[in-house]
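The values are calculated or read from the model by the stated rules, or taken from the named source; none is laboratory data. Just so it is clear, the model here is predicted, and its values are computed rather than measured. Quick reminder, even Gly has a Cβ in these numbers, built from the backbone with ideal geometry, and neighbours come from all protein chains shown.
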Amino acid sequence: MLGQFKRLGELVSSNVEALIDKATDPRKMLLLLRTEIEDSILKLTEARAKASSRAKKALRLSEAKAAAADEWTAKAKVAMDKGREDLGRSALLAREGDRAAARELAAEAESAKAELAEIDAAIAELEAKRAETLEQLEAMPAPAKPAPSAASMAADRQRSRIDGMEKRVGFVADKEAPLDPAQVDDELAGLARDSAIEAELAAMRPAKGKRAKK
């Protein structure tokens, strides 16, 4: 953890403008700095969660040990009332053991709380440095798009020629989505109806020989 705090101190104390002046590629340098800062914030956030868990656990155990110590005092009094000094002495010795454990656990909880305060301060400083870095990035002109290569330009021209040929020979129309089954069925039914009507009309027409006799 000490090594991590040392590196964080270097990040926080870094002069962004000075780094920009020295960098051959300022934008790339700022992007790397932002990434390192955000990674450090993430690690500190994880460390904070662990320290908070340790503090809560140590405090809970400390309170439990203190309560157990009080119970030993009551048990010692009961033993003495019954004339069992040996048991009373053992109860008081157990009480002192629990009291010592309670003090150690309380000290551990305070140490974890102090670590929490350090982590919170480091996160706040890193957040400020991150905001400064983002401000510098936004102030920089957008990176120029790379010029298209000769190969990509040739490929674009080829695609344009193919598109033109497809339009001329009707390939585009052929690519339309196929009709759904219901639509196909409707169209076939229409064709069958038209055929039936044509056949009925044909049957109604008088024969050529009969028209000639008249």
Can you tell me which residues in the range 6-28 are farther than 22 Å from GLU118 by Cα, at pLDDT below 80 and surrounded by 12 or more Cβ atoms within 10 Å (Cβ to Cβ)?
VAL16, LEU19, ILE20, ALA23, PRO26
Does GLU118 satisfy being assigned to a helix (DSSP H, G or I), closer than 30 Å to ARG27 by Cα and at pLDDT 85 or above?
no
Looking at (1) over 30 Å from ASP25 (Cβ atoms); (2) in a helix (DSSP H, G or I), which is the only condition GLY83 fails?
(2)
Among the residues of the range 44-57, write down those that are exposed (fewer than 15 other Cβ atoms within 10 Å of the Cβ) and either within 19 Å of the chain's Cα centre (by Cα) or not assigned by TED's automatic domain parsing to the domain that holds THR133 (or both).
THR45, GLU46, ALA49
Number of positions in the range 58-109 that are more than 50 Å from the chain's Cα centre (by Cα) and among the aliphatic types (A, V, I, L, M)
10
Which numbered condition SER40 fails, given (1) at pLDDT 90 or above; (2) in contact with a Lys or Arg (Cβ under 8 Å, 6 or more places away or on another chain):
(1)
If we ask which residues in the range 98-112 are of a type in the set (Gly, Ala, Ser), surrounded by fewer than 14 Cβ atoms within 10 Å (Cβ to Cβ) and over 18 Å from SER53 (Cα atoms), their number turns out to be 1
